[in-house]
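The values are calculated or read from the model by the stated rules, or taken from the named source; none is laboratory data. The shown structure was predicted, so the numbers you read here are calculated from the model rather than taken from an experiment. Here the Cβ positions follow ideal geometry from the backbone for every residue, glycine too, while neighbour counts run over all protein chains shown. The accessibility values were calculated without ligands, DNA or RNA, using every heavy atom of the protein model including side chains. Shrake-Rupley method; radii C 1.70, N 1.55, O 1.52, S 1.80 Å.
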Amino acid sequence: MSAVLEVQGLSKSFGGVQAVDDVSFTVEPGEFLALIGPNGAGKTTCFNMLNGYLRPDAGSVKLRGQELIGTPPRKIWRMGVGRTFQITETFLSMTVRENVQMALISHHRRIYDIFSRATRLYVDEANALLDLVSMRDQSARPCSELAYGDLKRLELAIALAHRPALLLMDEPTAGMAPSERIALMALTAGIVEREGVSVVFTEHDMDVVFAHAHRILVLNRGMLIAEGSGAEIRANPTVQEVYLGGGTVFQKEADHA
Amino acid sequence: MGFYLAQLLTGLANASSLFLIASGLSIIFGVTRIVNFAHGSFYMVGAYMSYTLVTLWSGSILGYWGGVILAAAAVGLIGLVIEMTILRRIYRAPELFQLVATFGVVLIFQDLTQAVWGAEDLLGPRAPGLDSAVRIFGEPIPEYDLALIAIGPAVLLAIWLVFHRTRWGVLVRAATQDREMVGALGVNQAWLFSAAFVLGAFLAGLGGALQIPREAVSLQMDLSIIGEAFVVVVIGGMGSVTGAFVAAVLISVLNAFAILIFPQVSIVLPFVVMAVVLIVRPYGLFGKPGSEHGAPVEPEQPLTLMGQKGLMVMIAAVFVLALSPLAVADFTTILLVDVMVATLFAVSLHFMMGVGGMVSFGHAAYFGVGAYAAAMGVKYFGLGMVPSMALAPFCAAAAALFFGWFCVRLSGVYLAMLTLAAAQILWGVTFQWQDFTGGDDGILGVWPAQWASSDRVYFYIAFVLCIGGIWLLRRAAHSPFGYTLRGVRDSRTRAEAIGVDTRFHQWMGFTLAGTLAGLAGVVFAFSKGSVFPDTLGIALSIDGLIMVLLGGIHALAGPIYGAVAFVMIEDWVTRLDYWRFIFGAIILVVVLLAPDGIAGGVHRLVRMIRGGKA
Ligand SMILES: Nc1ncnc2c1ncn2[C@@H]1O[C@H](COP(=O)(O)OP(=O)(O)O)[C@@H](O)[C@H]1O
Ligand SMILES: [Mg+2]
């Protein structure tokens, strides 16, 4: 089967900083791909270019053969790419369920509907999505009251609403307790398995990465320095250099960049 | 040749005055993020103080300049008092609160100034030693203008030195660029803010004090200067003193020459320039991204659909309103029409600001376009009442569509300023275009059709249109369209990430709000029988903001309470002497003591009653 996403020669610099430097990789259908690297390696910048928030200086991003560069995020979303953010982005003045309903309303192309009651639309679908991330019991709470870890899970439910073919998750477990992390990623792995969605995620917790990722890409100072299975990455001397030599060690605690 | 040079010099002298006031406004905004409407009052009070002092010590050069400086210093002191008693409490409040609070200060100062100096315009003495004109290329140039031309750059240089050579100045610049950093440095923020405010007030006072040989001192000075001062600050980039200087020169010199070609242009020119600059450079000439927002606002509570009890109360209220003309006197019926018009206007403004997160300082523009379109429909095109009523909201929609397209490209204070510019441009055109709009004389004789001419019948027309409009907006707020608008307000990034064209959506929200403001204007025009340029004016836009604030911005019912309370209070208070003072004081009380407005109070009351029963 052909790749879901093909990234070729992606580059971006901010002023003098080369944030992403000639990065190329592919994502296969149903693949659970980890993108790791120390803080400031360029992971978020990479994501932002994949789904249209940033325009790269050079390179190409193809979704099932279709070029994405120059397409705004909202259109890329409609083409089947979901996104969660390192620093959560939710609608704080709505309830948990309404946040999911909004994604569903947009998916069903009803955002210009001016007469229906938004809060009564797609309730069952929203509940099902909340069940998926075990947030159903909090569905009526204002989003602004949620703990950070719960916000992350909510973001996952929102991102799944339009049944994406590809999901980009930027540090989905940052700010969660270790047990929560394992649970969330096991859940995500389950979704990958069942729905055949491809996931690219960044993560600082190496236990999580090694436990679930099918394949790992290592980014350092904007450059892709290694690629392979968990075992290969662990054995890779360059990676050990970056992580061990750099003193960051295979971080347990993700410090938010 | 000489003539053009004289024009240029006049322009530069005006630029100096404008720069003095604008630089203070910009410094205050840069440090405290407050859009200070009261800055015009500082300017006015500076002029009055200096009038008194200079007249007292008339004749001597030392007396004149001593009087000017002392007046400015006194204004600085007034600024300190206001900062410590009022503004210090609202630094973390949303822009709307700050704007309305400083407007309350404006009202209070208008009455205080009138109480001290009287309502008559005062003509100050000329500056000793600078009271004649010199001839340059044969043209007479007032010596005082030349002095002003020198004072502007001198003050700029002084501010530059203070900002770059003193520790305090360095902190002020740091605070302007990154406020959290200053907090982290452990600097005494309160002191820094007060000092910046005093400096800003001093500069405004100085601007006013220096003005007395050039124009009569009057009670209109505050509001006549503030619009232009805002424009200069925005063009220069909010927080940038150098920007304010460049913008002041740009505006004043352009104006000095433009009036030669097209004398009527001076009212709208600054706003046109501002609109153009903002479209090309969204943060002004010297501004930086990130300067457009004040303190982060606390998230709102989720909306809830009205429960059965609430619905019954509301239906009962509408029913009582519908029957009221049968029970009350005619003048009360007319007052009720005013209430309904104000309510629709406030609800439409709230839809844009509360739901859409787009603060508008110029919402009256669309109200006015609706009113004028209706008036012109019957007077010039002979359309009759019903067709005019049907058509006019579409004219308001067209205006909102046009200006909204530009406005939604900006956010925060810059967006608000562009809405103000749009309103001022429309107001200026209406005011100046005598042949088409009747100019200052307005359009008279805009009466309803024969069958609708009784107060009672017209009440029911107004009832259907206004209640219908309010119902529509409320429905829209609960709809996917309204929710999406709130989503864009909460997080543009998330909205974009679920497929929303955020700008387009805001544009449509802007237009919907403008259209219904236009509908309110239509009802207004026929109820008054005439329209005047002030239906598009700043004062009405601010009335709308006060209504929204009074009612409570965070509740859909807020603008309804606010508008009703506003019209009632206004109806009662304007009969009193010093009503501005009373009104300003009411505003300050609400802002400082009850920031969630009447809706918040009602909410607490309902909870208390429920709690009491349970
Ligand atoms: N908007 C921006 N402007 C300037 N520099 C940026 C911007 N975004 C990221 N950078 C820089 O690019 C580099 C990569 O950042 P980022 O992609 O956030 O890394 P990561 O997500 O791997 O921690 C860092 O050096 C960061 O400082
Ligand atoms: Mg990152």
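A few notes on this one:
- The range A:177-205 - residue that is in contact (Cβ under 8 Å) with a residue 60 or more places away in the chain and within 16 Å of ligand 1 (Cβ to nearest atom) and, of those, farthest from the other protein chains (Cβ to nearest Cβ): A:HIS204
- Of all the listed residues (B:VAL602, B:VAL548, B:VAL589), the sole one being without any contact (Cβ under 8 Å) to a residue 60 or more places away in the chain and under 20 Å from B:LEU96 (Cα atoms) is B:VAL589.
- The set of residues in the range B:375-394 being surrounded by fewer than 23 Cβ atoms within 10 Å (Cβ to Cβ), within 30 Å of the chain's Cα centre (by Cα) and in contact (Cβ under 8 Å) with a residue 40 or more places away in the chain consists of B:MET376, B:PHE394.
- Subset of the range A:55-77 [among the basic types (Lys, Arg) and within 16 Å of ligand 1 (Cβ to nearest atom)]: A:ARG55
- Which numbered condition B:LEU519 misses (of (1) open to solvent by less than 10 Å² (accessible area, probe 1.4 Å); (2) under 17 Å from B:MET352 (Cβ atoms); (3) hydrophobic (A, V, I, L, M, F, W, C); (4) more than 10 Å from every other protein chain (Cβ to nearest Cβ)): (1)
- Subset of the range B:500-511 (residues that are surrounded by 23 or more Cβ atoms within 10 Å (Cβ to Cβ) and facing chain A (nearest Cβ under 8 Å)): B:VAL500
- Hits in the range A:28-54 (condition: away from ligand 1 (no atom under 12 Å from the Cβ) and away from chain B (no Cβ under 14 Å)): A:GLU28, A:PRO29, A:GLY30, A:GLU31, A:PHE32, A:LEU33, A:ALA34
- In the range B:79-113, the residues that are over 22 Å from the mean Cα position of the chain (by Cα) and in contact (Cβ under 8 Å) with a residue 60 or more places away in the chain: B:LEU80, B:MET84
- Meets criteria (within 14 Å of chain B (Cβ to nearest Cβ) and not acidic (Asp, Glu)) for A:ILE76: yes
- Test result for A:GLY59, surrounded by 15 or more Cβ atoms within 10 Å (Cβ to Cβ), away from ligand 2 (no atom under 16 Å from the Cβ) and assigned to a strand (DSSP E or B): yes
- Checking the range B:73-81 against the condition returns a match, with at least one residue being surrounded by 24 or more Cβ atoms within 10 Å (Cβ to Cβ), in the same structural domain as B:VAL234 (by TED's automatic domain parsing), under 17 Å from B:LEU206 (Cα atoms) and at pLDDT 90 or above.
- Some residue of the range A:95-116 being assigned to a helix (DSSP H, G or I) and away from chain B (no Cβ under 13 Å): no
- B:ARG214 in a loop (DSSP other than H, G, I, E, B), open to solvent by 60 Å² or more (accessible area, probe 1.4 Å) and either touching a helix residue (DSSP H, G or I) at 6+ places or on another chain (Cβ under 6 Å) or more than 12 Å from B:LEU25 (Cα to Cα) (or both): yes
- Condition check for B:THR55: assigned by TED's automatic domain parsing to the domain that holds B:ALA195, touching a residue at least 24 places away in the same chain (Cβ under 8 Å), surrounded by 23 or more Cβ atoms within 10 Å (Cβ to Cβ) and among the polar types (S, T, N, Q): no
- Remark: pairs (first residue in the range B:166-193, under 13 Å from B:VAL31 (Cβ atoms); second residue at pLDDT 80 or above and outside any helix (DSSP H, G or I); Cβ separation under 6 Å; 6+ apart in sequence or on different chains) = B:THR176/B:GLY239.
Results for (1) within 14 Å of chain A (Cβ to nearest Cβ); (2) assigned to a loop (DSSP other than H, G, I, E, B); (3) farther than 30 Å from B:ALA449 by Cβ, shown as yes or no for each residue.
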residue	(1), (2), (3)
B:GLU298	yes, yes, yes
B:LYS309	no, no, yes
B:THR333	no, no, no
B:GLY368	no, no, no
B:TYR372	no, no, no
B:PHE402	no, no, yes
B:PHE406	no, no, yes
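- In the range A:1-17, the residue that is nearest to the other protein chains (Cβ to nearest Cβ) out of those that are open to solvent by 20 Å² or more (accessible area, probe 1.4 Å) and within 16 Å of ligand 2 (Cβ to nearest atom) is A:PHE14.
- Residue match in the range A:36-54 (condition: within 14 Å of ligand 2 (Cβ to nearest atom), surrounded by 20 or more Cβ atoms within 10 Å (Cβ to Cβ), part of a strand (DSSP E or B) and touching a residue at least 60 places away in the same chain (Cβ under 8 Å)): yes
- Some residue of the range A:139-148 being in contact with a Phe, Trp or Tyr (Cβ under 7 Å, 6 or more places away or on another chain), open to solvent by less than 20 Å² (accessible area, probe 1.4 Å) and among the small types (Gly, Ala, Ser): no
- Elements of type helices (runs of 4 or more DSSP H) in the range B:495-614, at least 1 residues being in contact with a Pro (Cβ under 6 Å, 6 or more places away or on another chain) and not basic (Lys, Arg): B:502-528, B:538-551
- Count - residues of the range B:471-481 that are touching a residue at least 60 places away in the same chain (Cβ under 8 Å) and more than 7 Å from chain A (Cβ to nearest Cβ): 3
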